[in-house]
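Just dropping this structure here.
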Amino acid sequence: MPLADFDVVLGLEVHAQLLTRSKIFCGCSTAFGAEPNAHTCPVCLALPGALPWLNREVVEMAVRAGLALGCAIQPTSVFARKNYFYPDLPKGYQISQYERPICLGGAVEFDLGGEERRVRLTRIHMEEDAGKNLHDLAADGSSGVDLNRAGVPLLEIVSEPELRSVDEAVEYLKALRAVLVALGVNDGNLEEGSFRCDANVSVKPRGAARLGQRCEIKNMNSFRFLRQAVEFEVRRQVEVIEAGGKVEQETRLFDPARGETRAMRSKEEAHDYRYFPEPDLPPVRVDPALVAAARAALPELPRARARRYQERLGLPAADAGLIAGEPEVARFFDAALEASGKGAEAARRIANWLNGDVARLANESGLAPRDWRLSPGALAELVGLIEAGTVGGPGAKQVLEECFRSGASPAAVVREKGLAQVSDAAAIDAVVERVLAASPAEVERYRAGNAKLLGFFVGQVMKEMKGKGNPAVVNAAVKKKLGGP
Amino acid sequence: MSAELLALDLRALSGALAAGRVSSREATEAALSRIEATDGRVGAFLRVTAERARADAAAADERAARGARRGPLDGIPLAVKDLFLTEGVETTAGSRILEGYRPPYDATAVARLRAAGAVLLGKLNLDEFAMGSSNENSAFKPCRNPWDLARTPGGSSGGSAAAVAARQAWGTLGTDTGGSIREPASFCGVVGVKPTYGRVSRYGVVAFASSLDQVGPLARTVGDAALLLQAVAGHDERDMTSSTLPAGDYLARLEEGAAGLRIGVPREWFGGGLEPGVEARVREALARYEKLGARLVEVSLPHSRYAVAAYYLIAPAEASSNLARYDGVRYGLRAAARGLGEMYAGTRASGFGPEPKRRIMLGTYALSAGYYDAYYLRAQKVRTLIRRDFDRAFEACDVVAGPVAPTVAFRLGEKLSDPLQMYLADVYTISANLAALPGLSVPCGLHPAERMPVGLQLVGRPFDEATLLRAARALEREQGPPPAPPEAR
């Protein structure tokens, strides 16, 4: 059977670091990038006698995420110990939740090829992150452990095995990420590992009811790697089956350098985590009043926002989705629209700039919206200048680049760089005359009926004017001077 | 002077300090001399912090001179089990794996004693990681019973009981997971209190079995123990299992006697296995209560026969996880090794003694996939049933009374080769830990033949330590001053 005769079945486990200031079980800072072990204390170093102390904010954030994703918030949930030895795990166990997580059910909703999809969640639970092993610290090849990350709070969000393609998986992740970022519980940073994902991948003959044997794939820290890893893994499993073999349950690691997944441990080698309820922490009780308050305080979520952009501002679905899918960009968009003081027309222009040149500049610079020098007010101003005819398309592009780079105001850039659009008829007429005089042959051909040459003359004029001529005025002037073809 | 001082109990010494009749320095020197003179035989201390004690005593005297005594414990020489973390002072848990480890912080209970002005004499011997009933599992040296040096002081808080009995300290702190305060208190003829689970913070106490461990005092008298408990009890935000209920006043009604008290006598605690001489003393104590106006009520704790079995699943399971942190990575012993696996295995093989290893294996097995439901989960259900037994009993009585241990202190080496026999030493004490209830041991005379102390166990309602202490005090007063052990004469 060829690849097309197989169904792909994916389930995703996302680990999202929560944006609390302190760790889940102690008061240490969660800030990224400090000197190794600068953010540690007896609790997160697992000194003898130290006990975990639950950070309330973690529970509040878990409740918020659960509500936003439509989960049932459990009035009582229980922390459990997941036991295994590893140097980056100082207690020799991870405090997680097992049989009784804080959230059950729920779903992630997103669009796929214009169709609405809803992928159900199994559960969301709270747990602590591990530290990081650092290898080859010295010439003797010794290793060290940095425990700054040990105890940083995580939400583990587990989907049902309902995703049918890697495209769907990517859209699922983007939508989930957008929700968490909009809630302010996660920064959505895949590269730094604050939003990570493992995938359970299996294949089965098209239409078969029974799921195939799954493999868990780890270490995919970008959407691109997820795509590569899952595509590789699907091909691998199909090849195994085609060759008459059986897919073995195992954990596999994605190797980004080779674009492959590699067996990490087999079912036989799988850890027995010996879960049991964490005796150092009483069950977590979530007060219904807290749930009600959290529900009332939920911000507008990305899908609702995209719908609003379409219905109230008339943005095309794709544009609305792009903006709403990045909560920081959406906030920028809202602020720019407000600064413009205008409605749907300005909204479309702002959206075009945001999804076009601004997105390109942001990509090139690698800057997140909160680090942009361009302010929402500046983008609104630029759009205003365009509408007023003060600056033309090509000039506006330059203005934007300068504003994005320096944070200057668009009006000042227009002034200083002399990018104002020229609409003065006399000045334009003078240029038109020069251009026509320089191309007598073309003028002949135009007048003989070759109307297409109009563009050539307009182009020449614009070139002469370094792009600053007002296109409408230039067009009219050229036509007038040439007379009808 | 020294001998007179040592004859005072804690509260009497406190009165003398308050009246300015004696200084903390004098008391501290008396204790240090006593340790010097006796501990070579007894072995209660793993570490004596003499210089620090002298400095603490000088500071206490200076406060007293200014009229700024912090309270009844200010200037009193005490000592703590080497399971309590002490800032800058080596803390080993009785294990080679922590040898040389100097913690950067004080356990909450220690910090509270220090804040009350107590002078800390040093760290007391124990079974490794508090696992044992005879103190013979100490990785460093055995501890001996001041009543008879051939016998064990009990365990795991053997040093804590022996130090009080030998009058080396006016009071000590121990921990009790399955009887580790009450059994040695009984064996050494001192008072030992295991409070309700959650009454005293466990923060900074090396964990053995987290759902069972509880800190408590050992002292010569019930009043002394009450005073010490008062100092350490109460909520600690660093221990989420510590109760937010305010601590009771353990001294206010201490002398109110036993009249009207309903004392439950569980029939299951007087069956086979209880040594007749021990039973005789316990029955005598019960008779005294009747004489004092208490009423004896027969109660039943039908599930207590499963207590030892349940305990030896739950405690090792939790221990197997709690002891995982001793891996050679961050502190303590690290075996020389070429790779990670070798480092783990080498460190733990050479660092842990046989009993921790046995319990790690038991616990790891009990939690394994496929066995969890049959062992750990079932044991937790038994635990619930045991608690229900007590709840029912407390409908008919105010405290439950019975033996602490089936025998008096046994000889060193007597049970070492038979772990199961050793485990049965805790057959009467374990239930209170499983049910999270307060319990204590109060001396009730010497064994008629063996002339060794026997303890009466009282178990109370949750957080009702005050009633327990009042009942114990009534018996203590009725019995008159107890004899002192040979090592304290």
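What angle, in degrees between 0 and 90 and rounded to the nearest 10, separates the Cα long axis of helix A:344-353 from the longest principal axis of the Cα atoms of chain A?
Long axis of A:344-353 versus the principal axis of chain A: about 70 degrees.
Just by accessible area at a 1.4 angstrom probe, what is the order of B:R281, B:R25, A:R252 from largest to smallest?
Values: B:R281 45, B:R25 125, A:R252 20 Å².
Sorted by accessible area, descending: B:R25, B:R281, A:R252.
Can you list the HN-Hα couplings for segment A:185-192, worked out from phi with the Karplus curve (6.51, -1.76, 1.60; θ = phi - 60°), rounded to whole Hz and with x for Gly and Pro?
Per-residue couplings from phi come out as 9, 8, 8, x, 8, 6, 5, 7 Hz.
In nm, what is the difference between 0.36 nm times the number of residues separating A:A425 and A:E191 and their Cα-Cα distance?
Numbers: separation 234, 0.36 × 234 = 84.24 nm, distance 5.41 nm.
Working it through step by step, the gained length comes to 78.8 nm.
So how do B:E4, A:E387 rank on accessible area, 1.4 Å probe, biggest first, that is with the largest at the start? Can you show the working numbers first?
Working: B:E4 130, A:E387 70 Å².
Largest accessible area first, the list is B:E4, A:E387.
Just name one of B:L78, B:A118, A:G113: the one whose Cα is farthest towards the positive end of the charge dipole of the protein assembly as shown (beta-carbon charges, Lys/Arg +1, Asp/Glu -1).
With unit charges placed on the Cβ atoms, the residue in question is A:G113.
Per-residue HN-Hα couplings for segment A:454-465, Karplus 6.51 cos²θ - 1.76 cosθ + 1.60 at θ = phi - 60°, whole Hz, x for Gly and Pro?
Karplus values, whole Hz, x for Gly and Pro: 4, x, 4, 5, 4, x, 4, 4, 4, 4, 4, 8.
Please work through the protein assembly as shown and write down the cysteines that have no neighbouring cysteine Cβ at a distance under 4.7 Å.
By the Cβ distance rule, which asks for a partner under 4.7 Å, the isolated cysteines are A:C26, A:C28, A:C41, A:C44, A:C197, A:C215, A:C403, B:C143, B:C188, B:C397, B:C444.
Show the residues, 5+ positions off or on another chain, whose built amide H is closer than 5 Å to the amide H of A:Y93.
Here the answer is A:Y84, since their amide H atoms fall under 5 Å of that of A:Y93.
Do the sum for chain A: with -39,500 (n - 2.57) for every DSSP H run of n ≥ 4, divided by all residues, what is the mean residue ellipticity at 222 nm, to the nearest 500 deg cm²/dmol? Before the final figure, lay out each step's value.
Details: 16 runs with 191 residues, N = 485.
Theoretical 222 nm ellipticity from helices: -12000 deg cm²/dmol.
OK, next. Separation between the B:R41 and A:S439 pseudo-spin-labels, each 7 Å from Cα along Cα→Cβ, expressed in nm?
Each label point lies 7 Å from its Cα, and together they span 12.0 nm.
Expressed as a rounded percentage, what relative contact order does chain B have, with Cα pairs under 8 Å and six or more residues apart? Mind dumping the intermediate values first?
Values: 1206 pairs, mean separation 84.4, N = 489.
Relative CO of chain B lands at 17 percent.
As a test of the definition: with a 1.4 Å probe, what buried accessible area, both sides summed, do you compute for B against A, in Å² to the nearest 100? Mind showing how you got there, number by number?
Values: alone 17550 and 23790 Å², together 38480 Å².
Looking at B and A, the buried total is near 2900 Å².
Determine the calculated [θ] at 222 nm for chain B from helices alone, applying -39500 (n - 2.57) to every DSSP H run no shorter than 4 residues and normalising by the residue count; nearest 500 deg cm²/dmol. It would help to have the intermediate numbers written out before the result.
Values: 16 runs with 186 residues, N = 489.
The helix-only estimate for chain B comes to -11500 deg cm²/dmol at 222 nm.
A further question on this structure: Express the carbon and sulfur contribution to the solvent-accessible surface of segment A:425-482 as a percent, rounded to the nearest whole number, probe 1.4 angstrom. Walk me through the intermediate numbers first.
Numbers: 1850 of 3230 Å².
Reported share for carbon and sulfur atoms: 57 percent.
Could you work out the relative contact order of segment A:221-294? I mean the mean sequence separation of Cα pairs under 8 Å and 6+ apart, divided by the number of residues, in percent. Walk me through the numbers before you get to the answer.
Working: 46 pairs, mean separation 16.9, N = 74.
Reported relative contact order: 23 percent.
Measure off, as a whole percent, the carbon and sulfur share of the 1.4 Å-probe accessible area of chain B, all protein chains present.
Numbers: 8580 of 16170 Å².
Heavy-atom surface of chain B belonging to carbon and sulfur, 1.4 Å probe: 53 percent.
OK, next. Determine the relative contact order of segment A:3-292: mean sequence separation of Cα pairs under 8 Å and six or more apart, normalised by residue count, in whole percent. Display every interim value, and only then the final one.
Working: 646 pairs, mean separation 71.1, N = 290.
Worked out over segment A:3-292, it gives 25 percent.
Among A:A304, A:G341, A:V291, which residue has its Cα furthest toward the positive end of the charge dipole of segment A:278-364, with +1 on Lys/Arg Cβ and -1 on Asp/Glu Cβ?
A:G341
Compute the accessible area per residue over the protein assembly as shown, keeping the other protein chains in place, probe 1.4 Å, unit Å². All intermediate terms of the calculation are to be shown ahead of the outcome.
On the way: 38480 Å² over 974 residues.
Averaged over the residues of the protein assembly as shown, the accessible area is 40 Å².
Can you give the extra length, in nm with one decimal, that the chain gains between A:E328 and A:R258 once fully stretched, where that is 0.36 nm per residue apart less the Cα-Cα distance? Show your work: numbers first, answer last.
Working: separation 70, 0.36 × 70 = 25.20 nm, distance 3.38 nm.
So the chain would gain 21.8 nm between A:E328 and A:R258.
At a probe radius of 1.4 Å, what is the per-residue accessible area of A:E401, in Å² to the nearest 10?
Roll a 1.4 Å probe over it and A:E401 shows about 80 Å².
Between 0 and 90 degrees, rounded to the nearest ten: what's the tilt of helix A:166-183 against the longest Cα principal axis of chain A?
90
Still on this structure, please answer the following. With a 1.4 Å probe and all protein chains kept in place, how do A:M264, B:M452 rank by accessible area, largest first?
Values: A:M264 80, B:M452 5 Å².
These residues rank, largest area first, as A:M264, B:M452.
Heavy atoms of the protein only, probe of 1.4 Å, neighbouring chains included. What is the accessible area of A:K417 in Å², nearest 10?
Only protein atoms counted, so the area is about 120 Å².
OK, next. If I compute solvent accessible area with a 1.4 Å probe over the protein chains, what percent of it on segment A:302-417 is carbon and sulfur?
Values: 2720 of 5520 Å².
Its accessible area is 49 percent carbon and sulfur atoms.
Can you work out ³J(HN,Hα) from phi for every residue in segment B:98-115, in order, using Karplus 6.51 cos²θ - 1.76 cosθ + 1.60 and θ = phi - 60°, giving whole Hz and x for Gly and Pro?
10, 4, x, 6, 10, x, x, 8, 8, 4, 4, 4, 5, 4, 5, 5, 4, 4
Next question, about the same structure. Which of the residues in segment A:266-292 show a loss of at least 40 Å² in accessible area from their chain by itself to the complete set of protein chains, at a probe of 1.4 Å?
Residues losing area: A:D272, A:R274, A:F276, A:P279, A:D280, A:P282.
Taking the mean number of other Cβ atoms within 10 Å as a proxy for protection, how do you rank B:181-188, B:423-430, B:120-127, A:357-364 from highest to lowest? Working shown, then result.
Numbers: B:181-188: 35.5, B:423-430: 24.5, B:120-127: 29.0, A:357-364: 15.0.
Output ranking for B:181-188, B:423-430, B:120-127, A:357-364: B:181-188, B:120-127, B:423-430, A:357-364.
Now, a different point. Run the quick spin-label model on B:R70 and A:H271: label points 7 Å from Cα toward the beta carbon, then report their separation in nm to one decimal.
4.2
Restricting attention to segment B:269-377, which GluC sites (Glu not before Pro) occupy a DSSP loop and are surrounded by at most 15 other Cβ atoms within 10 Å?
Numbers: sites: B:E279, B:E284, B:E290, B:E298, B:E318, B:E342; in loops: none.
Loop-located and lightly packed - none at all.
On to the next question. Counting Lys and Arg as +1 and Asp and Glu as -1, each charge on the Cβ, what is the dipole of segment A:302-417 about the Cα centre in debye, to the nearest 20? Intermediate values should be presented prior to the final figure.
Numbers: 16 positive and 15 negative charges, 46 e Å.
Computed charge dipole of segment A:302-417: roughly 220 debye.
Check each of the trypsin sites (Lys or Arg not before Pro) in segment B:337-413 and keep only those in coil by DSSP with at most 10 other C-beta atoms within 10 angstrom; list them in order. Could you put the intermediate results ahead of the total?
On the way: sites: B:R338, B:R348, B:K357, B:R358, B:R359, B:R378, B:K381, B:R383, B:R387, B:R388, B:R392, B:R411; in loops: B:R338.
When the trypsin sites (Lys or Arg not before Pro) of segment B:337-413 are filtered for loop state and at most 10 Cβ neighbours within 10 Å, B:R338 remain.
With a ≥ b ≥ c the root eigenvalues of the C-alpha gyration tensor of segment A:3-292, is it rounded (a/c under 1.5), prolate (a/b larger than b/c) or oblate? Can you show the working numbers first?
Details: a/c = 1.78, a/b = 1.29, b/c = 1.38.
Here segment A:3-292 falls in the oblate category.
What residues qualify as long-range amide H neighbours of B:R262, i.e. H under 5 Å apart, gap of 5 or more or another chain, H built at 1.01 Å from N?
Amide H neighbours of B:R262, under 5 Å, 5+ apart: B:R295, B:D398, B:V399.
Let me ask you something else. Please list, by residue number, everything in segment A:1-41 whose backbone N is under 17 Å from a paramagnetic label point 7 Å out along Cα→Cβ of A:A209.
Counting backbone N atoms under 17 Å from the label point, the list is empty.
The values are calculated or read from the model by the stated rules, or taken from the named source; none is laboratory data. Note that the structure is a prediction, hence the values are computed from the model and not measured. Counting neighbours? That spans all protein chains shown, and the Cβs are built from the backbone with ideal geometry, glycine included. Ligands, DNA and RNA are excluded from the accessible area calculation, which covers all protein heavy atoms including side chains. Shrake-Rupley method; radii C 1.70, N 1.55, O 1.52, S 1.80 Å.
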